[in-house]
Amino acid sequence: MRFAIASVVLLAACAITRTPIPIRRWRPITAAAACGVLGFNTLAFVGLSYTPASDSALIIPTVIPLATALFATLIHERLTSRKLFGFAVASVGAALVIVGGQQGGSESSSSRLAGDLMELGAATAWAASLTIGAVVLRKETVLGYVTLMVLIGTALLLPLGAVPQGYRDVPTWSAETWLAAGFLGVFSTAVAFVLFFWAVHRYGASLAAMVTYLTPIATLVLAFLILGERPLPLQLVGGAVIVVGVRLAARRSRAALGQAPVTI
């Protein structure tokens, strides 16, 4: 439902701003939607039924930037030693945040392994989507691209949503449920996707993907503000390490800054 709501919002935004939808680029955008909307959401949420949320919270933020950086080499984005070092530092920080919040371990099992592999596949699918998006956005507008990708992604997800109850429960949704769905559709999907792919267009796929490293930090902040949960010292240390890693990977040399073209 969140993607259906986001589709309506994005279509309205295109109509208001008179932004063209790049229908002629439907092939790569369909591939991006299949990876980033269908693939990511299906694998991530199914994987959560087999593995703890802590595993997902560790795998997703750390694998996406690394996989994106590797995929981005195919479209001639440089994978420098500084980026790799920054990725490594940020990954250690993410691990500290998640591990620091664990009260106890659980025994490994084949189902947990299967869930972890699904989460790994989800992260890889999103990385592939970002890389495809970086190519398409070289000639298309961010809003037009995101709108078509979300529309196609909604169509791809529609059959899966009909499996559990066939949408028969939608008429019985409470006002709170609709508000939650609306928030997810407008802010967590429509607005978030536009901002995120603007970053992909502006800074490249590999650097933009590093925003996922901030997921554990955002989780800590929201848990403190909304739920009153106090972060543990190791989690605070991990958050600081993530910031350092992101800063290292995003930093450019003076020579690179001097040679970088200015685009609008």
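Points to keep in mind about this one:
- Filter result for the condition that a residue is under 25 Å from ALA53 (Cβ atoms) and in contact with a Leu (Cβ under 8 Å, 6 or more places away or on another chain), over LEU130, LEU157: LEU157
- Residues being assigned to a helix (DSSP H, G or I), of a type in the set (S, T, N, Q) and surrounded by fewer than 20 Cβ atoms within 10 Å (Cβ to Cβ) - total across the range 60-82: 2
- Residues in the range 110-120 that are crowded, with 19+ Cβ neighbours inside 10 Å and not acidic (Asp, Glu): GLY115, MET118.
- Selection of first residues in the range 215-244 that are under 20 Å from SER56 (Cα atoms) and among the polar types (S, T, N, Q) and of second residues that are at pLDDT below 70 and not in a helix (DSSP H, G or I), restricted to Cβ pairs under 8 Å at least 6 apart or on distinct chains, gives the following pairs, ordered by first then second residue: GLN235/GLY101.
- The listed residue being modelled with pLDDT of 70 or more, farther than 23 Å from THR73 by Cα and surrounded by 15 or more Cβ atoms within 10 Å (Cβ to Cβ), out of ALA190, ALA240, ALA199: ALA190
- For the residues ALA13, ALA57, ALA34, ALA4, the requirement of being surrounded by fewer than 21 Cβ atoms within 10 Å (Cβ to Cβ), aliphatic (A, V, I, L, M), under 18 Å from ALA134 (Cα atoms) and in contact (Cβ under 8 Å) with a residue 60 or more places away in the chain singles out ALA34.
- Members of the range 131-142 found to be aliphatic (A, V, I, L, M), assigned to a helix (DSSP H, G or I) and within 23 Å of LEU11 (Cβ to Cβ), listed by number: ILE132, VAL136, VAL142
The values are calculated or read from the model by the stated rules, or taken from the named source; none is laboratory data. As the structure is a computational prediction, the values presented were derived from the model and not from experiment. Note that each Cβ is placed from the backbone with ideal geometry, even for glycine, and that neighbours are counted across all protein chains shown.
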